[in-house]
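The values are calculated or read from the model by the stated rules, or taken from the named source; none is laboratory data. Bear in mind the structure is a predicted one, so any value in this text is a computation, not a measurement. Here the Cβ positions follow ideal geometry from the backbone for every residue, glycine too, while neighbour counts run over all protein chains shown. Ligands, DNA and RNA are excluded from the accessible area calculation, which covers all protein heavy atoms including side chains. Shrake-Rupley method; radii C 1.70, N 1.55, O 1.52, S 1.80 Å.
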Amino acid sequence: MTGQRHFDLAVSLGPHCRARHQLVRVFGDAVCPSGVFDWLVAPGRAVRVYLRNQFSGTFELDDLIVGEDGYVHAKSGTQHMHAFPRNITQDELLDRYAEARSRHEYLAEKTLNLFRGDRKLLLCLGARASFHRYARLWLTIRWHFPTLKFILLNGPRGGAPEHAEQEWKGDDSVWDRHLKSFKPGQSGGA
């Protein structure tokens, strides 16, 4: 198919796990490494905080506060609903924090290494960002990772299914159309 844009690896940039699910569904696990944004809810400003801080200092115990659906990192605004069991108490948080932090740091380091690597990344948003937010994110990536070869793909228009239990996955047909012009491999240069 002509007009296809090539990439080496596809990575979700949040704001939730929808992009990761759809990338793996369409392209397969081999070209879609897991990353830190697969396991949390990250508003646009949180993604920029991660990028500016080179993925460090983003899961400090003192910055975790109780939120509606789990713990929220007060400085970045990330919601960590998979890091701890629901309805966890403050005492239980202390007992489980070291394990949760270890996993978070592992995924943050893994994602940072992808951004520092020499492979062309398809960076995909799971929800549509406004032009202003999209441009701000693109500039943040370029500023903090100037040698990174990447395509920043905004989320598709629409695509939330009617069934609430499937909302996190998105609408497969919408995502199929959204991703059809991208192909793993043969990325070449920039």
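Filtering the range 1-12 down to residues that are under 21 Å from Ser173 (Cα atoms) and buried (at least 23 other Cβ atoms within 10 Å of the Cβ), which residue is farthest from the chain's Cα centre (by Cα)? Only one residue tops the list, namely Ala10. Does Lys110 count as modelled with pLDDT of 95 or more and of a type outside the set (Val, Ile, Thr)? It is true that Lys110 is modelled with pLDDT of 95 or more and of a type outside the set (Val, Ile, Thr). Hey, does the range 27-35 have a residue that's in contact with a strand residue (DSSP E or B) (Cβ under 6 Å, 6 or more places away or on another chain), in a helix (DSSP H, G or I), under 27 Å from Leu179 (Cβ atoms) and among the aliphatic types (A, V, I, L, M)? Yes, the range 27-35 contains at least one residue that is in contact with a strand residue (DSSP E or B) (Cβ under 6 Å, 6 or more places away or on another chain), in a helix (DSSP H, G or I), under 27 Å from Leu179 (Cβ atoms) and among the aliphatic types (A, V, I, L, M).
The residue that is farthest from Arg136 (Cα to Cα), among those in the range 25-40 that are aliphatic (A, V, I, L, M) and open to solvent by 40 Å² or more (accessible area, probe 1.4 Å), is Ala30. The single condition among (1) hydroxyl-bearing (Ser, Thr, Tyr); (2) part of a helix (DSSP H, G or I); (3) exposed (fewer than 14 other Cβ atoms within 10 Å of the Cβ) that Tyr97 does not satisfy is (3).
Condition check for Tyr71 on (1) farther than 30 Å from Ser173 by Cβ; (2) part of a loop (DSSP other than H, G, I, E, B); (3) more than 15 Å from the chain's Cα centre (by Cα): one failure, at (2).
Table: residues versus (1) closer than 17 Å to Ile151 by Cα; (2) polar (S, T, N, Q); (3) out of contact with any Leu (no Cβ under 6 Å at 6 or more places or on another chain).
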position	(1), (2), (3)
Val11	yes, no, no
Gly14	yes, no, yes
Cys17	no, no, yes
Gly28	no, no, yes
Cys32	yes, no, no
Leu40	no, no, yes
Pro43	no, no, yes
Thr58	no, yes, yes
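Of the residues making up the range 13-23, those that are at pLDDT 95 or above and open to solvent by 30 Å² or more (accessible area, probe 1.4 Å) number 0.
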